[in-house]
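Right, I'll just put the structure down here and ask away after.
Quick note: the coordinates plus some simple rules give every number you see, no bench work behind them. Quick caveat: nothing in here was measured; it's all calculated off a predicted structure. For neighbour counting, all protein chains shown are included, and Cβ atoms are generated from backbone atoms with ideal geometry for every residue, glycine included.
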């Protein structure tokens, strides 16, 4: 399935990305977003627009964003999907920062990104994220429990792979609080179990498949 955003959705993504990127250091960022109507978006917009918005929020690790998903239309499925989109954005950001680091960090006279072992690890993350995105977008178009669970598992696994790979490529510096990477690592680990663990969602997928086969 190929998913393409329409012009309005692209404009929403780009405008929100620009706004958040320019105000990431603001301690009251989430309050500003609330004043600009981010909660209205979650309450009134389509599931696709919620996914678009929360992927951007995950890319910038906006605090309090995921906590707000608990009240998204009081809809557990949409809250789970918003969390999956946030994880997808967080995974993309970790991959981008890790690639940038691998290009400038030198060891034994070469950038570490030139080594095959590093390339293969980063490629695995790229593939995982690319496979997770259609699951998230597809669930926004067809919000069945099975599709939402598949999106949560796919995005969670891909983001976790990105975080583990990012930590390994950065080495010991990846553990430091001074490095922004730690923000995404902590967030991804916490969100893997938000709105249902991977085991819960895998079981829900299996139950749906068995019911379909029996029905």
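FRET efficiency for residue 126 and residue 3, Cβ-Cβ distance as r, R0 = 22 Å, nearest 0.05? Before the final figure, lay out each step's value.
Working: r = 17 Å, r/R0 = 0.79.
Using R0 = 22 Å, I get an efficiency of 0.80.
Once the Cα atoms of helix 47-59 and of the chain are each reduced to a long axis, what angle between those two axes, in degrees from 0 to 90 to the nearest 10, is obtained?
Once rounded, the angle reads 20 degrees.
Taking 8 Å as the Cα distance limit and 6 or more residues as the minimum spacing, I'd like the relative contact order of segment 159-207 as a percentage.
Working: 20 pairs, mean separation 14.5, N = 49.
In percent, rounded to a whole number, it is 30.
Defining a contact as two alpha carbons under 8 Å apart and six or more residues distant in sequence, what relative contact order in percent does the chain show?
Answer for the chain is 21 percent.
Identify which of 90, 76, 172 has the largest mean-square fluctuation in a Gaussian network model of the chain, with springs joining Cα atoms closer than 10 Å.
172
Right, another one. Relative to the longest principal Cα axis of the chain, at what angle does helix 181-191 sit, 0 to 90 degrees, rounded to 10?
Tilt of helix 181-191: around 30 degrees.
Say we join alpha carbon atoms closer than 10 Å with springs in a Gaussian network model of the chain; which of 176, 197, 83 then has the biggest fluctuation?
Looking only at 176, 197, 83, the biggest GNM fluctuation is shown by 176.
With everything on Cα atoms, drop me the angle between helix 7-21 and the longest principal axis of the chain, reported from 0 to 90° to the nearest 10.
Taking the Cα atoms of the chain, the angle to 7-21 is about 50 degrees.
State whether segment 49-143 is rounded, prolate or oblate according to the following rule on the C-alpha gyration tensor (a ≥ b ≥ c being the square roots of its eigenvalues): a/c under 1.5 gives rounded; otherwise a/b larger than b/c gives prolate, and the remaining case gives oblate. Mind dumping the intermediate values first?
On the way: a/c = 4.50, a/b = 2.28, b/c = 1.97.
In terms of gyration-tensor shape, prolate.
What number, rounded to the nearest 500 deg cm²/dmol, is the helix-based mean residue ellipticity at 222 nm of the chain, given -39500 (n - 2.57) per DSSP H run of at least four residues and division by all its residues? Don't jump to the answer; show the numbers that get you there.
Values: 9 runs with 151 residues, N = 215.
About -23500 deg cm²/dmol.
Under a point spin-label approximation (7 Å from Cα along Cα-to-Cβ), what is the residue 15-residue 115 distance to one decimal in nm?
Between residue 15 and residue 115, the simple spin-label model gives 4.6 nm.
Taking neighbour Cβ counts within 10 Å as the exposure measure, how do 103, 152 sort from fewest upward? It would help to have the intermediate numbers written out before the result.
Details: 103 12, 152 33.
Listing 103, 152 from fewest to most nearby Cβ atoms yields 103, 152.
Of the listed peptides 51-63, 157-169, what is their order by residue-averaged count of other C-beta atoms within 10 Å, with the highest listed first?
Details: 51-63: 24.5, 157-169: 22.5.
Averaged packing, sorted descending, gives the order 51-63, 157-169.
Let me make sure I get this right: for segment 106-215, a, b and c are the square roots of the gyration tensor eigenvalues over alpha carbons, sorted descending. Under 1.5 in a/c it's rounded, otherwise prolate if a/b > b/c, else oblate. Which is it? Don't jump to the answer; show the numbers that get you there.
Numbers: a/c = 3.25, a/b = 2.14, b/c = 1.52.
Judged from the Cα gyration tensor, segment 106-215 comes out prolate (a/c at least 1.5, a/b above b/c).
Averaging over every viewing direction, what projected area does the convex hull of the Cα atoms of the chain cover, in nm²?
Details: hull surface 52.6 nm².
Seen from a random direction, the Cα hull of the chain projects 13.2 nm² on average.
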